[in-house]
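Engineer: Below is the structure I would like to discuss, written out as structure tokens.
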Amino acid sequence: ERRGHGRTRDSEGSFHYADMAEDMAALMDAMKIPRARMAGYSDGANLIFYLAMRYPEKVEGFVSLAGNFHYSGCDPEHRAELEKVPAGRLSEEGIDRRYARVSPDGPDHYVEVYHKAIRLWLTEPDLTPADLRKIKAPALIAAGDHDVVLLEHTKELYRSLSRARLEIVPGASHRLIKENPELINRIVLDFLESAEC
């Protein structure tokens, strides 16, 4: 759940990871969760970077699955493809029907959400290694070796965090959680349940 996704209404204006981090902090406050160990996949991982920088007291430790700290860290061909993909492709993949089943914004609003998501991915996240060095929580950085997030970018993410571990999953793409769920679940749970976290 987040703005414009699932059962949550869309908001005015563009999507920004910083806003998502503020939403997460507010949700934790509302649920009286002062601190948590977290795992985020793709956008969820990117959101955690912002949350851990802005609210370090809320993040005890985290797992980043297929996250990127800067939009330039994605394969240039993938970025070029994002700019060309028409919203109509969502109909072919059934995304519009899944969106319509739960969204309070109506069945046709998925096109707006799609365009906002593309704008987000082409311009954010926009963090630097210096920003990442502010994150003090222990982290596990996991990604596939065939991810659209470039392997060197993932390694730079790992090197920029002061308390990080790196896990590269052989033969996995950006969809590593679907490709090998048993392995990914074990990696995530082992880290989140460890003394290291």
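Only the coordinates and a few stated rules stand behind these numbers; no lab work does. Predicted model, so just to flag it, every value in this text is computed and none were measured. Because the Cβ atoms are built from the backbone with ideal geometry, glycine has one as well, and the counts that use them run over all protein chains shown.
Engineer: With the crude spin-label approximation of a point 7 Å out along Cα→Cβ, what separation in nm comes out for Asn185 versus Ser72?
Structural biologist: Between Asn185 and Ser72, the label points sit 4.0 nm apart.
Engineer: While we're on this one: Note the full-extension length gain between Arg159 and Ser194 as 0.36 nm times their separation in residues minus their Cα-Cα distance, in nm to one decimal.
Structural biologist: 10.5 nm is the gain from fully extending Arg159 to Ser194.
Engineer: OK, next. Return, ordered by residue number, the residues of the stretch 1-40 whose backbone nitrogen is under 18 Å from a label point located 7 Å along Cα→Cβ of Asp131.
Structural biologist: It comes to 14-25, 40, nothing else.
Engineer: In whole percent, what relative contact order does the chain give with Cα contacts below 8 Å and a gap of six or more residues?
Structural biologist: Once divided by the residue count of the chain, the mean separation gives 24 percent.
Engineer: I've got another one for you. So how tilted is helix 110-123 from the main axis of the chain? Cα-based, degrees 0 to 90, rounded to 10.
Structural biologist: Helix 110-123 sits roughly 40 degrees off the main axis of the chain.
Engineer: Could you give the angle, 0 to 90 degrees to the nearest 10, between helix 43-54's Cα long axis and the longest principal axis of the Cα atoms of the chain?
Structural biologist: 50
Engineer: Of Cys74, His16, Phe191, which is farthest along the charge dipole of the chain in the positive direction, counting Lys and Arg as +1 and Asp and Glu as -1 at C-beta?
Structural biologist: Toward the positive end, the furthest listed residue is Phe191.
Engineer: Looking only at the stretch 114-156, which residues have a backbone nitrogen under 17 Å from a spot 7 Å from the Cα of Ile95 in the C-beta direction?
Structural biologist: 114-125, 148-149
Engineer: Let me spell out the model: positive unit charges on the Cβ of Lys and Arg, negative unit charges on the Cβ of Asp and Glu, origin at the Cα centre of the chain. What dipole size does that give, in debye rounded to 20?
Structural biologist: Here the size comes out at about 500 debye.
Engineer: To the nearest 0.05, how large is the calculated FRET efficiency for Arg35 and Leu166 if R₀ is 25 Å and r is the Cβ-Cβ distance?
Structural biologist: Efficiency computed from Cβ-Cβ geometry: 0.55.
Engineer: Something else: Set Lys and Arg Cβ to +1 and Asp and Glu Cβ to -1, take the dipole of the stretch 17-192 about its Cα centre, and tell me which of Leu161, Ser173, Gly106 lies farthest positive.
Structural biologist: Leu161
Engineer: Sticking with this one: Scan the stretch 1-92 for trypsin sites (Lys or Arg not before Pro) in coil per DSSP, keeping those whose Cβ has at most 12 other Cβ atoms within 10 Å, and list them by number.
Structural biologist: Sparse-neighbourhood loop trypsin sites (Lys or Arg not before Pro): Arg7, Arg9, Lys32.
Engineer: Give me the lysines in straight-line cross-link reach of Lys136: C-alpha distance below 23 Å, same-chain residues under 8 apart excluded.
Structural biologist: Correct list for Lys136: Lys32, Lys58, Lys155.
Engineer: Right, something else. Would you please give the residues with an amide H less than 5 Å from that of Gly4, counting only those at least 5 places away or on a separate chain, with H modeled from the backbone geometry?
Structural biologist: Arg9, Asp10, Ser11
Engineer: Relative to the longest principal axis of the C-alpha atoms of the chain, give the angle of the C-alpha long axis of helix 17-30, reported between 0 and 90° and rounded to the nearest 10°.
Structural biologist: Taking Cα atoms only, the helix is inclined about 70 degrees.
Engineer: Pulled fully out, how much extra length does the chain show between Ile118 and Ser173, if you take 0.36 nm times their separation in residues and subtract their Cα-Cα distance?
Structural biologist: In short, 17.9 nm is gained.
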